[in-house]
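Just below is one structure, and these are the notes that go with it.
The values are calculated or read from the model by the stated rules, or taken from the named source; none is laboratory data. Model, not experiment: these values are computed from the prediction. Positions of Cβ are backbone-derived with ideal geometry, glycine not excepted, and every protein chain shown enters the neighbour counts.
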Amino acid sequence: MPKPPNILLVMADQLAPHFTGTYGHPLVRTPNLDRLAERGARFDAAYCNAPLCAPARFSFLAGQLGSRIGAYDNASEFPASVPTLAHYLRLMGYRTCLAGKMHFVGPDQLHGFEERLTTDIYPSDHAWTPNWEKAEERIGKWYHNMDSVREAGSGATTFQLEFDDEAGFFSRRRLFDFAKKGAEPFFMTLGFIHPHDPYVARPEWWNLYRDEEIPLPETRIPWEQQDPHSKRVMTGIEADPEQAAGIAEQQIRNARHGYFANTSYIDAKLGELIQTLEEAGLADNTLVIFTADHGDMLGERGLWYKMTFFERSVRVPLVMAGPGIGSGLKIANACSLLDLPPTLLEAATEGGAKVPDLGQRLEGRSLLPLAAGGGTGDPDETAAEYLAECTGHPLFMLRRGSLKYIHCDSDPAQLYDLSKDPEELTNLAGDPAHAETAAGFAGAVAARWDSAAIRAAVIASQRRRRVVHAAMETGALTSWDYQPKRDAAQEYVRNHMDWTLQAERSRFPPYAG
């Protein structure tokens, strides 16, 4: 009986596949991701299920759309009662380990992971709660603006660099620990913060690219032609014509330069992890998945960051390689992060492990048949939603084949044919020739989501969270932020240890004699 595969899932933050060499960008260097794709499967229409950090991550781990589990925005609690992929794999005999960013909000900072190697990078409380009852008011205290573009450049260190360096180090060390013990299979999830803004890169990564070769955004939409949600987002991040009037082309170029550099930095982190797997003798039986929580518009259409359903915001890279995965596959079927839980559960059964009672229906489907080189007749569709700031009503997206449909109760519908219009410049929703198609999508949205009920639930949640947060800021603070558990008395060499035995235990591979 073969051993169940180890699973290493690496999640970048705000990485659009369009800005990687693996997905065809002519400039951005991602050699390690390139090699992973060459020996594995590259999904060319993979989507997040919410173009915002926390909801995308909660949906991925739970296998549920955010509206079903209350994961609306970056200050929504991830309920401890919602089972996750980590719970399932733990029940299947896996060691479960989390490092880096996962943006858990609430007192449960593990969600099925047995151990967490680092703290998180963002607040775990309700501080970042939007207010749909005052949706027209810009959030000033915590919400980022165009300063990330104005201040982009090279720097020796940042809080993001420190965080990713720490997460990478502890993860590599734990991989060696897994190799030394060599018993149960492991599931490690490692969340990096880069290339998320601010767009500041260390000199060695910044200097990979020459300033004059950095392209400016290609797709420019006049303000009066922007759709209502894009206008709201641009106003929210201070990128509308009035607030962004002083931003120079060089600053935009600097921001893209920093993003490209940090993408190469994250690619190097991926390479370090793969090297560790090889050195630890784990590579042959480890399924490696690389993805992101969402993308970044990076100035295209005048938009920055995420929060929209345009391709660079909602698309994510998805590359997997390892046991049972085909080689050099390029898969066109639309899919999403919701599909990762059923995919990894099926992969875990290859060694005889049995899938436990899930306690809920997973909304995705296994991508393993596609990744193995088969999957004929596999669906070519996926769904996403947006329930956070810069709107007062839910937004929904359906993609079927090459068609993408976007619905919001307060806005005109949008319909794009990505095969003919990859930049999404021609809205077909009002075209009489596509009226039947648009009506079909509208019916599908209405059947899948109760927009009015979701809006009421979001507003009620926001009200409750504002009260809880105000109270937590009054009096003594009891923080939910994760405190990594370390016992310095048991590390390295201490008086109660035999120096020779400790050297022997920590060395890998063991001394052969």
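Within the range 323-366, being among the charged types (D, E, K, R) and touching a Gly at 6+ places or on another chain (Cβ under 8 Å) holds for D339, E350, E363.
Which number in (1) on the phi > 0 side of the Ramachandran plot; (2) assigned to a strand (DSSP E or B) marks the one condition that L298 misses? Condition (2) is where L298 drops out. Picking from residues in the range 141-153 that are in a helix (DSSP H, G or I) and in contact with a helix residue (DSSP H, G or I) (Cβ under 6 Å, 6 or more places away or on another chain), the one that is farthest from I266 (Cα to Cα) is R150. For G364, the stated conditions do not hold, so it cannot be described as assigned to a loop (DSSP other than H, G, I, E, B), more than 16 Å from G66 (Cβ to Cβ) and not polar (S, T, N, Q).
Being surrounded by 11 or more Cβ atoms within 10 Å (Cβ to Cβ), assigned to a loop (DSSP other than H, G, I, E, B) and small (G, A, S), is that true of even one residue in the range 472-487? Among the residues of the range 472-487, at least one is surrounded by 11 or more Cβ atoms within 10 Å (Cβ to Cβ), assigned to a loop (DSSP other than H, G, I, E, B) and small (G, A, S), which makes the answer yes. May I ask you to verify whether D120 is surrounded by 19 or more Cβ atoms within 10 Å (Cβ to Cβ) and touching an Asp or Glu at 6+ places or on another chain (Cβ under 9 Å)? Yes, satisfied.
Of all the numbered requirements in (1) farther than 22 Å from G40 by Cα; (2) not in a helix (DSSP H, G or I), V288 misses one, and that requirement is (1). Among residues of the range 291-324 being among the small types (G, A, S), within 20 Å of P198 (Cα to Cα) and touching a helix residue (DSSP H, G or I) at 6+ places or on another chain (Cβ under 7 Å), the one that is surrounded by the most Cβ atoms within 10 Å (Cβ to Cβ) is G295.
Looking at E350, E346, just one residue is in a helix (DSSP H, G or I), of a type outside the set (A, V, I, L, M, F, W, C) and modelled with pLDDT of 90 or more, and that residue is E346. Within the range 419-430, one or more residues are modelled with pLDDT under 95 and surrounded by fewer than 20 Cβ atoms within 10 Å (Cβ to Cβ). Total residues in the range 201-212 satisfying the condition of being touching a residue at least 12 places away in the same chain (Cβ under 8 Å) and charged (D, E, K, R): the figure is 2. Pairing each residue of the range 491-513 that is closer than 17 Å to L175 by Cα and modelled with pLDDT of 80 or more with any residue that is among the β-branched types (V, I, T) and surrounded by 11 or more Cβ atoms within 10 Å (Cβ to Cβ), provided the two are 6+ apart or on different chains, yields no C-beta distance under 8 Å. Just wondering, is there one or more residues in the range 91-102 that are buried (at least 24 other Cβ atoms within 10 Å of the Cβ), of a type in the set (A, V, I, L, M), out of contact with any helix residue (DSSP H, G or I) (no Cβ under 6 Å at 6 or more places or on another chain) and over 19 Å from H196 (Cα atoms)? Yes, the range 91-102 has at least one match. The residue list A433, A452 contains one member that is part of a helix (DSSP H, G or I), closer than 25 Å to N49 by Cβ and more than 26 Å from the chain's Cα centre (by Cα), which is A452.
E238 falls short on exactly one of the conditions (1) closer than 24 Å to L15 by Cβ; (2) charged (D, E, K, R); (3) out of contact with any strand residue (DSSP E or B) (no Cβ under 7 Å at 6 or more places or on another chain); (4) not in a loop (DSSP other than H, G, I, E, B), and that condition is (4).
Filtering the range 154-189 down to residues that are part of a loop (DSSP other than H, G, I, E, B) and of a type in the set (S, T, N, Q), which residue is surrounded by the fewest Cβ atoms within 10 Å (Cβ to Cβ)?
This residue is T157.
When E424 is tested against the conditions (1) touching a Leu at 6+ places or on another chain (Cβ under 6 Å); (2) at positive phi, the lone failure is (1). Looking only at the range 213-268, count every residue that is in contact (Cβ under 8 Å) with a residue 40 or more places away in the chain, loosely packed, with under 13 Cβ neighbours inside 10 Å and not aliphatic (A, V, I, L, M) and tell me the total. So the count comes out to 6.
Please verify whether T263 is under 30 Å from N145 (Cβ atoms), in a strand (DSSP E or B) and in contact with a Pro (Cβ under 9 Å, 6 or more places away or on another chain), treating the condition exactly as stated. No; evaluated as a whole, the condition is false for this residue. Residues of the range 117-128 that are among the hydroxyl-bearing types (S, T, Y) and either farther than 23 Å from T84 by Cβ or touching a strand residue (DSSP E or B) at 6+ places or on another chain (Cβ under 6 Å) (or both): T118 alone.
Screening A435 with (1) loosely packed, with under 11 Cβ neighbours inside 10 Å; (2) at pLDDT 95 or above; (3) hydrophobic (A, V, I, L, M, F, W, C) gives one miss only, at (1). Is it the case that the range 152-174 has a residue that's among the aromatic types (F, W, Y), farther than 20 Å from I237 by Cβ and touching a Ser or Thr at 6+ places or on another chain (Cβ under 8 Å)? Yes. Screening the range 387-429 for strands (runs of 3 or more DSSP E) wholly inside it with 3 or more residues that are of a type outside the set (A, V, I, L, M) and touching a residue at least 24 places away in the same chain (Cβ under 8 Å) returns the ranges 395-400, 403-408.
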